[in-house]
Amino acid sequence: MKKIYPNKAVCIGCHLCEVACVTAHSKSKDIILAHNVEKAQEGLAPRRNVAQEGPVCVALSCRHCEEPMCVAACISGALTKNPETGRCEYNEEQCVGCWSCLMACPFGSIRRHPVKEKIIKCDLCAGRDMPACVEACPNAGLIYEDRGKD
Amino acid sequence: MAFAPINKNYHDFFVVRDKDACINCQVCVRQCSYGVHYWDEARQCVRHDNTKCIGCHRCEAYCPTQALLIQEKPSNFKPNALWRPVFIKNVYKQADSGGVLLAGMGSPVDIPVYWDKLLLDASQVTNPSIDPLREPMELRTYLGSKPTRLEFETTPEGPRLKTPTKPNIKLNIPIMFSAMSFGSINFNLHVAMARAATEVGTYYNTGEGGLHESLYKYGPNTIVQVASGRFGVHSDYLNAGAAIEIKIGQGAKPGIGGHLPGEKINAMVSETRMVPLGSDAISPAPHHDIYSIEDLHQLIYALKEASDYKKPVSVKIAAVHNVAAIASGVVRAGADIVAIDGMRGGTGAAPAMIRDNVGIPIELALASVDQRLRDEGIRNDASVVVAGGTRCSADVIKAIALGADAVYIATAALLAVGCTLCARCYTGKCPWGIATNDPYLAKRQNPDIAAKKMANLMKAWAHEIEEMLGGMGLNSIESLRGNRDKLRAVGLSQSEMDILGVKPAGR
Amino acid sequence: MKYVIVGNGVASVGAIEGIRRADPDGEILVISEESTPTYGRPLISYLLAGKIGPERMPLRPITFYDKFKVKMALGSKVVSLDAKAKTVSTDDGNTHPYDKLLLATGGVPFVPPLPGKDGSGVYSFTTLANAETLVDVAKNCKTAVVVGGGLIGLKAAEALHDRGVKVSIVELAPRVLSAAFDDKAGGLVAKRLAEVGIDVHCGTQATEIKRDESGTIVGVHLKDGSFLPAQAVVIAIGVVPAAALAKDAGIKVDRGVVVDERLASSDPAVFAAGDVAQAKDLILDDNRVVPIWPNAFNQGFYAGKNMAGADSPYLGGLAMNSIAFYGLPTVSVGIVNPAPGEAGIELSETLDEENATYRKLVFKDGKLVGYVLVGDIDNAGLYTGFIRFKFPLDADTKAKLVSGCPSILQWPEGFFDEKFNPVGAQEIV
Ligand SMILES: Cc1cc2nc3c(=O)[nH]c(=O)nc-3n(C[C@H](O)[C@H](O)[C@H](O)COP(=O)(O)OP(=O)(O)OC[C@H]3O[C@@H](n4cnc5c(N)ncnc54)[C@H](O)[C@@H]3O)c2cc1C
Ligand code: SF4
Ligand code: SF4
Ligand code: SF4
Ligand code: SF4
């Protein structure tokens, strides 16, 4: 399956991927409304987050694991592995906010929704051909491609 | 602000932020390496300190909502034709610092750009133009010493060349990447230049910082440089490239040496240059073993000896008043290529006074060198390569018509990867990740992307050169070389035209 | 190939998904005593609390069983296992042959021999049916006593409280959540419970459930002499593995069904997973019963793959619990209460009572082996990663973990690219 591969050798830590993520997951899909209006009203937050240690940065989000620990831990059925697409999918309706997946994912890819008792997690931009973060990255710090299984 | 030097508020730029568009993403905060933008905790928004801005436009380019505009600050000094603001501000600066004014990149001063005064010819009716898309068009160029006449002998296997030939290097495009040392620009860009040169079939010059071993594999497209500091020079290095260049002078700072501050000497630079980590790398103004043409001759032959006479040796000099005589001496000393660097050539760091006031424009230097070598009958003994202020393919083609075999580009190559000519290369804080070895900044140049852009630029110029050649009814770059009849001048004095060897437009 | 799975909990779902990774067509039959398709067992407290409706209970969409080509025998209890004949028999008189059998029977609630326990008004809290019953009970009940201050007990108490019942909790240990948490975390949780009005009685135990002449419960006597009036009692002091079938069939059972790395029992055709299994532990390097949800799923998944012939070793379970009490989230993973004086152990505790946050890290031999987070749990997953991947820690990294700043960029060189940027990892030159 196609996945997003982050490259720490060239990620410059600009956080534009986060900006794109928030915009793509907003209602308006408008960068300014998403950040200046919706964020305050509905608690939009990026599903991809940039980690930095000294000069090294990398933008991380769900790696859509072959054997996802989050799915194993999810008590409500909100997280499932789609056997056809390979994506690790999240259904917000089902989530009860028990944070089991947040605890279980050893990659720290799951976050709490800023206002709801729900999680947020990368969905590889369901409905888009190219994930927003990959498209926004100015330095090819994120590559979306199929590299075989995991 | 209190306790600030008097010039603090006479800064050059100011930042305009469109509050409605700003989403407080702090992208600008992270991109600016000069600390202009910052997150204001009290007001919970991004703000800026205009005094620190050096006008690199990085933030403007990266702001995802185009909320930023970097503007020149029009200082409201009273107008004065003599005391222009730059002089006033420089005095303030030096009164504060007591130091030499430093500058980076090529000189921005208003000396005539002769490229702009030269116009190209085109065919009409009698000698039809050539369509490069349908007919062959030869841009291939060989650099090195060429025999003046060829002798052949007949053998049972057919005719054979009798004249001994000297080593030449083959360029698919008459443009090369000029010397920019590893250290003054970072490794990612060396990788990019090496890959781009390999892709388009030309050369890049290592500059005086040596060559990291991991780049030896690009050797067939590399020119290795030997400068007065002799950084990273050893026999493997000399044999790693396709040609060797002795750097005598640099157009941006003729007559003076170089100084790479210790902060730029990281582990890899130190290993490559063979200098201690963190210590300043100083290139003396002269080569301490060259005080005459004879000494130069010795060095040229020492290098030829070390490389088995398999590689052409180039000598790079700055365009100064006596450049024609100097070039003649260089050729007579045995150089296979003379590279002339004009006064608008770039630099990583130079004293501003020298950059802006020493040397002569490359167009005049080129014309006089070419003429002199012809007059002396030694033009074929060496190729002439020019550098310093080539901005577009038309400049390249005009240079060739004036007599150059090829041109070196440096500033244009850096522009291709984002440089905005803010001219603060010497600070080591280049926000575009070019003139910096700070790992946080240097990775802004992804070698994959940079190589692609540099190669694209070369290819684009090559296409344009083919178009212009075709328009003149020529099908090879060879036919244009030194063909000054293809040039006409506008707005030049008679003596300038004499030096350039061109007629005025209309004649 | 015919697979039979006994039990329809999460281990069973894991097994179905695991089998189908390796065998798209083999016949799968699930036999379960409970008559509903798999539901999120821990969700019963959310249901009882009224936070979710019954429609949210199913763990997988109704199409799941069709999509994965699974036959179901719901409401049917397996009463015996004939390991020689490779058959199981059910209480409705059917006998099902199998090639590979998975015991995913979970646990049964443990009810201590407490005087007064038999009769109406005493409930367990482990099934959907239990929850539905308690929803009705709560309508006419003013006060209730929950026996057991562990995870399930507290969740039951919280849910009943949300239904307007006055609840008291009785816990033998000196603090609530004694197994999965430590004193300080337990203290923060107890404080939160007290704030919302749930009584907690620790360090004592129920001695008798008192009934009136009609048999109706009137309250609970405690060892410390006090008496808690109540109309209902919920007993939640733990579950024991439902391993009787295996034991009777001569399969090796210790506390639970003992399984190897492939999740196979002493009978190679019989596998076990979930609360019934005694399987490998990631940290302890020993088999033990850790009755938690993620382990049940993973064991089921690996059992499924191995039943289908994949030969995929189970890396071992990791004890982990995440629960929130009235908005106070808590997470506990791995070894959190090391035995006093255990060699090579190093602890770091950071408590901020004002903001109700607490962070405890347990290191053993230079590696992170466990942690507790209360309040600020956002970095939980990253800490779990350090435990799961068993990274040796240098002083710098350790200091960062201790200060609450774990990061994937602290991973050992090379491991990042292996996990996040395999093969394509950029080689600059
Ligand atoms: C209220 C509550 C809250 C919990 N919260 C959490 C939590 O937040 N996090 C966590 O990690 N864990 C939690 N747990 C524990 C978790 O639910 C269990 O670890 C998990 O459900 C075990 O799954 P299982 O598939 O092994 O067994 P079970 O879910 O117990 O399923 C076993 C199934 O087998 C059936 N069965 C048993 N014997 C037979 C037989 N002979 N024939 C046919 N069918 C049979 C049973 O009816 C049952 O349906 C909680 C448990 C409860 C009760
Ligand atoms: S959330 Fe974590 S465990 Fe789940 S698929 Fe993504 S990276 Fe893997
Ligand atoms: S947009 Fe690209 S370079 Fe910028 S932080 Fe994200 S991954 Fe890194
Ligand atoms: S990058 Fe643009 S939008 Fe973002 S904080 Fe700066 S000015 Fe505002
Ligand atoms: S990034 Fe460059 S242009 Fe922008 S504020 Fe900083 S120095 Fe000025």
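The values are calculated or read from the model by the stated rules, or taken from the named source; none is laboratory data. Remember, it's a predicted structure, so these values are computed and weren't measured experimentally. Note that each Cβ is placed from the backbone with ideal geometry, even for glycine, and that neighbours are counted across all protein chains shown. Areas reflect the complete protein model, heavy atoms only, side chains present, ligands, DNA and RNA absent. Shrake-Rupley method; radii C 1.70, N 1.55, O 1.52, S 1.80 Å.
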Report summary line: Within segment C:186-216, the residues that are over 30 Å from the mean Cα position of the chain (by Cα) and in contact (Cβ under 8 Å) with a residue 60 or more places away in the chain are C:Lys210, C:Arg211, C:Gly215, C:Thr216
Query raised in the report: Just to be sure, is B:Thr390 in a loop (DSSP other than H, G, I, E, B), hydroxyl-bearing (Ser, Thr, Tyr) and buried (at least 24 other Cβ atoms within 10 Å of the Cβ)?
Result: yes
Report summary line: Going through segment B:393-405 in order, the residues found to be within 17 Å of B:Ala455 (Cα to Cα) and either open to solvent by 20 Å² or more (accessible area, probe 1.4 Å) or of a type in the set (A, V, I, L, M) (or both) are B:Val396
Report task. Pairs only if they're at least six apart or on different chains, beta carbon under 7 angstrom, first in segment B:433-456 and over 19 Å from B:Met105 (Cα atoms), second part of a helix (DSSP H, G or I) and acidic (Asp, Glu); list them, first residue then second. Result -> B:Ala455/B:Glu199
Query raised in the report: Is there a residue in segment A:66-76 that is more than 8 Å from chain C (Cβ to nearest Cβ), closer than 20 Å to C:Phe416 by Cα, assigned to a loop (DSSP other than H, G, I, E, B) and not β-branched (Val, Ile, Thr)?
Result: yes
Query raised in the report: Do you know which residues across segment A:3-23 are away from chain B (no Cβ under 11 Å) and either crowded, with 22+ Cβ neighbours inside 10 Å or out of contact with any Pro (no Cβ under 9 Å at 6 or more places or on another chain) (or both)?
Result: A:Lys3, A:Ile4, A:Pro6, A:Cys21
Query - Qualifying position, being open to solvent by less than 10 Å² (accessible area, probe 1.4 Å) and touching a strand residue (DSSP E or B) at 6+ places or on another chain (Cβ under 8 Å), among C:Ile377, C:Ile335, C:Ile345 - result: C:Ile377
Query raised in the report: Among the residues of segment C:124-134, which ones are more than 10 Å from C:Leu160 (Cβ to Cβ) and not polar (S, T, N, Q)?
Result: C:Leu128, C:Ala129, C:Ala131, C:Glu132
Requested in this report: Could you tell me which residue of segment C:348-367 is modelled with the lowest pLDDT, considering only residues that are open to solvent by less than 40 Å² (accessible area, probe 1.4 Å) and under 16 Å from C:Phe391 (Cα atoms)?
Outcome: C:Gly366
Requested in this report: Among the residues of segment A:106-125, write down those that are free of Cβ contacts under 8 Å to residues at least 40 places away in the same chain and either in a loop (DSSP other than H, G, I, E, B) or surrounded by fewer than 17 Cβ atoms within 10 Å (Cβ to Cβ) (or both).
Outcome: A:Pro106, A:Glu117, A:Lys118
Report summary line: Subset of segment B:427-448, residues within 12 Å of another protein chain (Cβ to nearest Cβ) and open to solvent by 50 Å² or more (accessible area, probe 1.4 Å), comes to B:Asp438, B:Pro439, B:Asp448
Query raised in the report: Among the helices (runs of 4 or more DSSP H) contained in segment C:333-429, which hold 1 or more residues that are within 29 Å of the chain's Cα centre (by Cα), of a type outside the set (Ser, Thr, Tyr) and at the interface with another protein chain (Cβ under 8 Å from one of its Cβ atoms)?
Result: C:380-388, C:415-420
Query raised in the report: Can you name the number of the only condition in (1) within 14 Å of ligand 1 (Cβ to nearest atom); (2) at pLDDT below 95 that A:Gly86 fails?
Result: (1)
Query raised in the report: Which of the following residues is modelled with pLDDT of 95 or more, touching a helix residue (DSSP H, G or I) at 6+ places or on another chain (Cβ under 7 Å) and surrounded by 17 or more Cβ atoms within 10 Å (Cβ to Cβ): C:Ala230, C:Ala249, C:Ala242?
Result: C:Ala242
Requested in this report: Could you please find all residues in segment C:113-148 being within 12 Å of C:Ile198 (Cα to Cα) and either surrounded by fewer than 24 Cβ atoms within 10 Å (Cβ to Cβ) or touching an Asp or Glu at 6+ places or on another chain (Cβ under 7 Å) (or both)?
Outcome: C:Thr143
Query raised in the report: Restricting attention to segment A:43-62, does a residue exist that is away from ligand 3 (no atom under 16 Å from the Cβ), within 20 Å of A:Glu145 (Cβ to Cβ) and in contact (Cβ under 8 Å) with a residue 40 or more places away in the chain?
Result: no
Report summary line: In segment C:7-57, anything farther than 16 Å from A:Gln94 by Cβ, open to solvent by 10 Å² or more (accessible area, probe 1.4 Å) and of a type in the set (A, V, I, L, M) is listed as C:Ala22, C:Leu29, C:Ala49
Query raised in the report: How many residues are surrounded by 13 or more Cβ atoms within 10 Å (Cβ to Cβ), more than 10 Å from every other protein chain (Cβ to nearest Cβ) and farther than 18 Å from A:Glu18 by Cα when one looks only at segment A:139-150?
Result: 0
Requested in this report: Output the residue which, of all residues in segment B:34-77 that are of a type in the set (Asp, Glu) and within 14 Å of ligand 4 (Cβ to nearest atom), is nearest to B:Cys430 (Cα to Cα).
Outcome: B:Glu60
Query raised in the report: Do we have any residue at all in segment C:86-93 that's surrounded by 14 or more Cβ atoms within 10 Å (Cβ to Cβ), of a type in the set (D, E, K, R) and over 21 Å from C:Arg20 (Cβ atoms)?
Result: yes
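Yes/no per residue for (1) at the interface with chain B (Cβ under 10 Å from one of its Cβ atoms); (2) within 16 Å of ligand 4 (Cβ to nearest atom); (3) surrounded by fewer than 22 Cβ atoms within 10 Å (Cβ to Cβ); (4) farther than 26 Å from A:Thr85 by Cα:
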{"residue": "A:Lys27", "(1), (2), (3), (4)": "no, no, yes, no"}
{"residue": "A:Ile31", "(1), (2), (3), (4)": "yes, yes, yes, yes"}
{"residue": "A:Asn36", "(1), (2), (3), (4)": "yes, yes, yes, yes"}
{"residue": "A:Gln41", "(1), (2), (3), (4)": "no, no, yes, yes"}
{"residue": "A:Arg47", "(1), (2), (3), (4)": "no, no, no, no"}
{"residue": "A:Ala51", "(1), (2), (3), (4)": "no, no, yes, yes"}
{"residue": "A:Gly54", "(1), (2), (3), (4)": "yes, no, yes, yes"}
{"residue": "A:Cys57", "(1), (2), (3), (4)": "yes, no, no, yes"}
{"residue": "A:His64", "(1), (2), (3), (4)": "no, no, no, no"}
Query - Number of positions in segment A:126-138 that are open to solvent by less than 10 Å² (accessible area, probe 1.4 Å) and part of a loop (DSSP other than H, G, I, E, B) - result: 1
**Report entry** Qualifying strands (runs of 3 or more DSSP E) (wholly inside segment C:1-104; at least 1 residues being within 14 Å of chain A (Cβ to nearest Cβ))
**Finding:** C:70-74
